[in-house]
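All of the numbers you see were taken from the coordinates with simple rules; none came from a lab. No experiment lies behind these values; they were computed from the predicted model shown. Every residue, glycine among them, receives a Cβ derived from its backbone with ideal geometry; neighbour counts consider all protein chains shown.
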Amino acid sequence: MTQPFATQTVIEVAYLIATVLFILSLKWLSAPTTARHGVWAGELGMLLAIAATLLHHGIIDYKWIAIALVLGSIIGVPLGLVQMTAVPQRTALSHACGALCVTLVGTSEFYLRTPHVPAFMMAVLSMEVILGSLTFTGSLMAAGKLQEVLPQRPITYKGQNFVNLSALAVAVVIAVYLVLHPGTRQLFPFMVIIGLVFGVMMIVPIGGADMPTVISLLNSYAGLSAAAMGFVLDSKLLIIAGALDGSSGFILSVIMSKAMNRSFTNVLFGAFGQVQASAAAGHEARTVRTATAEEAATILGAANAVVIVPGYGMAVAQAQHKVRELFDVLTKRGVDVKFAIHPVAGRMPGHMNVLLAEADIPYDRLMDMDTINPEFPQTDVALIIGANDVTNPAARNEPSSPIYGMPILDVDKARTVMVIKRSMSPGFAGIDNDLYYLDKTLMLFGDAKAFVGNIVRELTGGGHA
Amino acid sequence: MGSDLLTSLYVFVLAGFIGFEVIRRVSPLLHTPLMSLTNALDAIAVVGAIVLVGEHKSKLAAILGTVAVIAATSNVVGGFLITDRMLKMFKASNPKKR
C-alpha cells in the first residue's frame with residue numbers, strides 16, 4: 001500500500017508544479033520580451049505532467065500509449081509548421097482535436113461507469129460530451145470555411161435558429177434523462193450525435209467576417225469542456241488548464257464582438273447576410289480623387305508622420321513584405337511610420353500583428369486601436385491597405401448604418417488619407433465607405449503588392465520627392 | 001464525493017479568476033500566440049486519455065483513449081511549435097544584445 005501512495009504523492013506534486021508553470025506561462029506571455037519564456041514554461045509543465053502520469057499505478061499497458069504519443073507528435077509537427085496566413089484554420093483545427101480528445105474520454109468514462117454514475121457527475125459528464133462534440137464539428141466547419149474548402153458565405157434558411165435551438169434542447173433533455181437514469185446506455189450515443197450535428201448547424205450561418213469571434217468562442221468551449229473533463233476525472237490540473245483556456249477564449253470573444261459592435265447572440269444567431277441586403281440599397285455615383293504611385297510617393301516622402309492601416313486584403317495580396325520595404329524606405333528618410341491595428345484585422349484575434357511581425361516589422365511600431373486613434377489628428381498621411389469597414393466613418397456618425405457604433409480607426413482625422421484598393425467594391429459587410437469620397441482622400445487603385453512596390457520604387461529612385 | 005466536487009468547483013472558480021486577471025494583461029499584439037498557447041496547455045487533457053489507454057479497462061476505452069491521446073498530443077506538439085515560431089518573429093526596433 002505504501003508504494004502506490006508514495007507514487008500518488010509524486011504524481012500530485014508534479015501536477016501542482018505543472019499548474020504553477022502553466023500560470024507562469026500565460027503571465028510571461030503578457031509582454032513580447034518575456035513571451036518565449038512562457039512557451040518554455042508551458043513545455044516544461046506539460047512534459048512534467050505527462051511523465052508523472054506514466055507513473056500512475058493503474059497503467060498496465062504502455063505499448064499503445066507510446067504508439068499514440070508518437071503518432072500524435074508526427075501529426076503535430078506539420079500542424080506547427082503551417083504558413084502564418086494559415087494560422088487561423090490551424091487554430092480551429094486544434095480546437096477540434098482538443099474537443100475530440102475530451103469527447104472520446106468522456107464517452108469512455110460513461111461506458112466504464114454506467115450505471116453507477118452520481119447525478120452531479122453525470123451532469124458534468126453530459127456537459128463535457130455535448131460541449132466537446134459541438135466544438136469538434138463546429139471547429140472543423142470553421143477550419144473548412146477559413147481554408148475556403150467550404151463556402152465562406154453564411155448559409156441561412158427560414159426557422160434556422162428555431163431548428164438549431166431545438167436540437168440543442170433535445171440534447172439537454174437527453175442529458176437530464178441520463179442524470180436521472182444513468183443506466184440508459186443506449187441514449188448516450190444520441191446525445192453525442194446531436195452535439196456533433198449541432199456543431200455543424202451552428203457554424204453554417206456564420207460568415208467569414210465573424211470568424212475571429214467564432215474561433216474565440218470555440219476556444220472558450222474547448223476550454224470549458226476540458227474543465228468539465230477535469231471534474232469527471234477529479235483532476236485539478238485539468239480543471240485549472242481548462243478554466244484558463246476557457247477564460248482566455250471568453251475574454252477574446254468579448255474583445256472581438258465589442259470590436260465589431262455585436263453581441264454574442266447576434267454573432268451566433270443573426271447571420272451577417274441579413275445586413276448585406278439593406279446596405280446595398282442606397283447607391284449613387286459619387287466622384288473620388290485618384291492618384292498615381294508617383295504622386296503617392298511624393299506625398300509620403302514629404303510627410304513627417306505616416307500611419308499605415310493594414311487589413312486582411314493586404315495579407316491576401318501577400319503585400320506585407322513590400323509594405324516592410326516601404327516602412328524601411330520611409331523610416332530611413334526620417335518619417336515616423338506606425339501601423340494601426342484594428343482588433344478584427346485578420347481572421348483571428350491578433351492575426352495581423354503576426355503577419356506583420358513575420359515581415360520583420362518591429363512590434364513596437366504596431367499600435368492597437370486605442371493607442372493610435374488619438375494620434376490621427378497629428379498624422380500627415382494615413383495609408384490604408386486592404387482594410388475597409390474598420391475605417392468607415394459611418395460607424396461614428398450615421399445611426400442608420402448597419403455598422404453604426406462599431407469602434408473604428410479614425411483615419412479620416414489624418415491630414416491626407418490614401419486608400420490602396422482594387423476597385424470601388426464594398427467590403428465584407430457590403431457597406432459603402434464615405435471615407436473614399438472625402439476631399440482629403442486619394443484612391444490608389446490597383447493590386448496592393450504591385451502598388452506598394454511602385455511607391456517604393458519611386459521613393460528609392462529619388463528625384464521625385 | 002460531494003465535498004470532492006465542491007473542492008473541484010472552488011478550484012475551477014479560482015482558476016477562472018486567475019485566468020481572467022492574467023489574460024486580461026496580455027497585449028493585443030500577442031492574441032494569436034495566446035490562443036495557440038492556451039490551446040497547447042489545454043491539451044493537458046492528454047493525461048486523462050493516457051490513463052484510459054494504460055488501464056485498459058475495456059476495449060472501447062482503450063481504442064477511444066488511443067485516438068484521444070493522438071489528437072491531444074498533436075495539439076501539444078503543434079501548439080507549442082507554432083507559438084514559439086510566432087513569438088520568435090516579434091522583434092523590437094532596436095534589438096538589444098542579451
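A few remarks follow.
- Note on chain A: dipole from Cβ charges, positive end direction compared against A:31, A:69, A:83; the farthest Cα belongs to A:69.
- Between residue B:5 and residue A:163, the FRET efficiency from the beta-carbon distance, with R0 = 30 Å, is close to 0.30.
- In terms of its C-alpha gyration tensor, the range A:1-60 comes out prolate, because a/c is 1.5 or above and the ratio a/b outweighs b/c.
- Nitroxide proxy distance, nm - points 7 Å out along Cα→Cβ at residue A:264 and residue A:365: 3.9
- Chain B: angle of helix B:2-24 to the longest principal axis, Cα-based, in degrees nearest 10: 10
- Relative to the longest principal axis of the Cα atoms of chain A, the long axis of helix A:236-259 lies at roughly 30 degrees.
- Cα gyration tensor category, rounded, prolate or oblate, for chain B with a/c compared to 1.5: oblate
- Taken about its Cα centre, the protein assembly as shown carries a charge dipole of about 520 debye when Lys and Arg each add +1 at the Cβ and Asp and Glu each add -1 at the Cβ.
- Taking a point 7 Å out from the Cα of residue A:457 in the direction of its Cβ, the residues of the range A:285-313 whose backbone N falls within less than 13 Å of it are A:293-294.
- The 3J(HN,Hα) values that the Karplus relation (6.51, -1.76, 1.60; θ = phi - 60°) gives for the range A:354-368 are, in residue order, 5, 5, 6, 5, 5, 7, 6, 8, x, 5, 6, 9, 8, 10, 7 Hz. Gly and Pro appear as x.
- Taking Cα centre as origin and charging only the Cβ of basic (Lys, Arg, +1) and acidic (Asp, Glu, -1) residues, the dipole magnitude of the range A:78-185 rounds to 200 debye.
- A Förster radius of 41 Å combined with the Cβ-Cβ distance from residue A:295 to residue A:33 puts the calculated FRET efficiency at roughly 0.50.
- CD proxy at 222 nm, helix term only [per DSSP H run n ≥ 4: -39500 (n - 2.57); per residue of the protein assembly as shown; nearest 500]: -20500 deg cm²/dmol
- Computed from backbone phi with θ = phi - 60° and the Karplus coefficients 6.51, -1.76 and 1.60, the 3J(HN,Hα) list for the range A:123-129 is 4, 5, 4, 4, 4, 4, 6 Hz; x is used for glycine and proline.
- Segment residue A:304..residue A:61, full-extension length gain: 80.6 nm, with 0.36 nm per residue of separation and the alpha-carbon distance subtracted.
- Cut-off under 5 Å, modelled amide H: who pairs with residue A:384 long-range: A:309, A:418, A:419, A:420
- Gain in span if fully extended, residue A:445 to residue A:316, counting 0.36 nm per residue against the direct Cα distance: 44.8 nm
- At q = 0.17, 0.18 Å⁻¹, base-10 log of I(q)/I(0) for the range A:62-109 (Debye sum, equal scatterers on each alpha carbon): -0.63, -0.69
- Computed extension length for residue A:254-residue A:170: 27.4 nm, one decimal, from 0.36 nm per residue of separation with the Cα-Cα distance subtracted.
- Shape category assigned to the range A:131-254 from the gyration tensor of Cα positions, a/c cut at 1.5: oblate
- Using a simple spin-label model with pseudo-atoms 7 Å out from Cα toward Cβ, residue A:400 and residue A:17 lie 6.7 nm apart.
- Distance cut-off 42 Å, percentage of C-alpha pairs in chain A lying past it: 27
- Net charge contributed by nearby residues that have their C-beta within less than 9 Å of residue A:223 (K/R +1, D/E -1): -2
- Distance in nm between pseudo-label sites at residue A:437 and residue B:58 (7 Å out along the Cβ direction from Cα): 6.7
- Size of charge dipole - chain B - debye, nearest 20, with Cβ of Lys, Arg +1 and Asp, Glu -1, no other charges: 700
- Chain A: angle of helix A:448-461 to the longest principal axis, Cα-based, in degrees nearest 10: 50
- Of all DSSP beta bridges in the protein assembly as shown, antiparallel share, percent nearest 5: 0
- Positive dipole terminus of the range B:2-89, leading residue within B:43, B:29, B:17 (C-beta point charges): B:29
- Positive-end residue, the range A:337-420 charge dipole about Cα centroid, Cβ charges, pick of A:386, A:371, A:353: A:386
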